[in-house]
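Here is the structure we will look at.
The values are calculated or read from the model by the stated rules, or taken from the named source; none is laboratory data. What you are looking at is a predicted structure, and each value in this text was computed from that prediction instead of being measured. No Cβ is skipped: glycine too gets one built from the backbone with ideal geometry, and neighbour counts run over all protein chains shown.
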Amino acid sequence: MSNRQTAKEPEVPNAGDTRINPIDGAEMVYVPAGEFSMGDDDLDRQFETCPRKIVKLDAFRIYKNEVTVAQYLRFCEVNRRKPPGKPKRGWKDNHPVVNVT
């Protein structure tokens, strides 16, 4: 059995399980809830020390790949938003989108 979900998603997916976003067709990866260590006790001396601390996150899904120009322009169209200006080198539909926040 594949870890890629095509039918009804299980109640509790496994870490790394994927599914397709029905809105834009992008592949999304499941990241379970958990803790991680954030910070670094050994930073460059030009910055203040940022001691490590434990951060807890809820489960979430994240796109497996960067959002492409084509996906972002579709998002702008559907949501009636003005797209950002093109970079000097131009845009290609299958490249990651830039100049967005």
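Please find, among PRO96, PRO51, PRO83, the residue that is free of Cβ contacts under 8 Å to residues at least 40 places away in the same chain and touching a Cys at 6+ places or on another chain (Cβ under 7 Å). Talk me through it step by step, then tell me what you get.
Details: PRO96 fails: touching a Cys at 6+ places or on another chain (Cβ under 7 Å); PRO51 fails: touching a Cys at 6+ places or on another chain (Cβ under 7 Å).
Of PRO96, PRO51, PRO83, the one residue that is free of Cβ contacts under 8 Å to residues at least 40 places away in the same chain and touching a Cys at 6+ places or on another chain (Cβ under 7 Å) is PRO83.
If you check ASP58 against the conditions, is it of a type outside the set (A, V, I, L, M), under 30 Å from PHE75 (Cα atoms), loosely packed, with under 12 Cβ neighbours inside 10 Å and modelled with pLDDT of 75 or more? Spell out how you get there, then give the answer.
Numbers: of a type outside the set (A, V, I, L, M): yes; under 30 Å from PHE75 (Cα atoms): yes; loosely packed, with under 12 Cβ neighbours inside 10 Å: yes; modelled with pLDDT of 75 or more: yes.
Yes.
Name the residues in the stretch 71-101 that are among the aliphatic types (A, V, I, L, M) and closer than 30 Å to ASN14 by Cα, would you?
Just the residues of the stretch 71-101 that are among the aliphatic types (A, V, I, L, M), to begin with: 73, 78, 97-98, 100.
Selection gives VAL97 alone.
Enumerate the strands (runs of 3 or more DSSP E) found wholly within the stretch 1-43, keeping only those where 1 or more residues are under 15 Å from the mean Cα position of the chain (by Cα) and modelled with pLDDT of 80 or more. Break it down into steps so the answer makes sense when it comes.
Values: elements: 18-20, 27-31, 34-40.
Once the strands (runs of 3 or more DSSP E) in the stretch 1-43 are filtered for at least 1 residues that are under 15 Å from the mean Cα position of the chain (by Cα) and modelled with pLDDT of 80 or more, what remains is 18-20, 27-31.
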